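Step one of this worksheet: look at the structure below.
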Amino acid sequence: LISRPSFENISKKWVPELRHYAPNVPIVLVGTKLDLREDKQFPMNFPGACTISTEQGQELRKEIGALAYIECSSKAQQNVKAVFDAAIKVVLQPPLKSKKQKRKFGFCHAL
């Protein structure tokens, strides 16, 4: 949540690599270092740093097809459990695929 280059690398580098090597794995997008984004001293200590908003994170989630987006801080213990809960949920309760998605792979029927 505090690094524009890391944010941009998600869609440019990491997701394409993930889709190549593990195409059917669900994605949970996690914004880390929430405590620093909320720290009023952060911009003064790191001039020129650009934080990532919740809205930007949600937009990236949609863009990359992630099933969840969560912001957390391990230092402040904010939403850490929610990250693991979301990961478990997307594996144990995957979203239902639409008919359009099912047809994409096709089926062979013998008559």
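Nothing in this text is a laboratory measurement; each read-out follows from the coordinates by a stated rule. Being a predicted model, the structure only gives us computed values, none of them experimental. So basically every Cβ, Gly included, is an ideal-geometry build from the backbone, and we count neighbours across all protein chains shown.
Tabulated values for the structure
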quantity: Mean projected area (nm²) of the alpha-carbon convex hull when the range 4-105 is viewed from all directions; calculated: 7.8 nm²
quantity: Helical contribution to [θ] at 222 nm, DSSP H n ≥ 4, -39,500 (n - 2.57), averaged over the chain, rounded to 500; calculated: -12000 deg cm²/dmol
quantity: Virtual spin-label span in nm between K75 and A22, 7 Å along Cα→Cβ; calculated: 2.7 nm
quantity: Ordering of 68-79, 5-16, 40-51 by burial proxy (mean other Cβ atoms within 10 Å per residue, highest first); calculated: 68-79, 5-16, 40-51
quantity: GNM result for the chain, Cα springs below 10 Å: residue of V83, V28, V91 fluctuating most strongly; calculated: V91
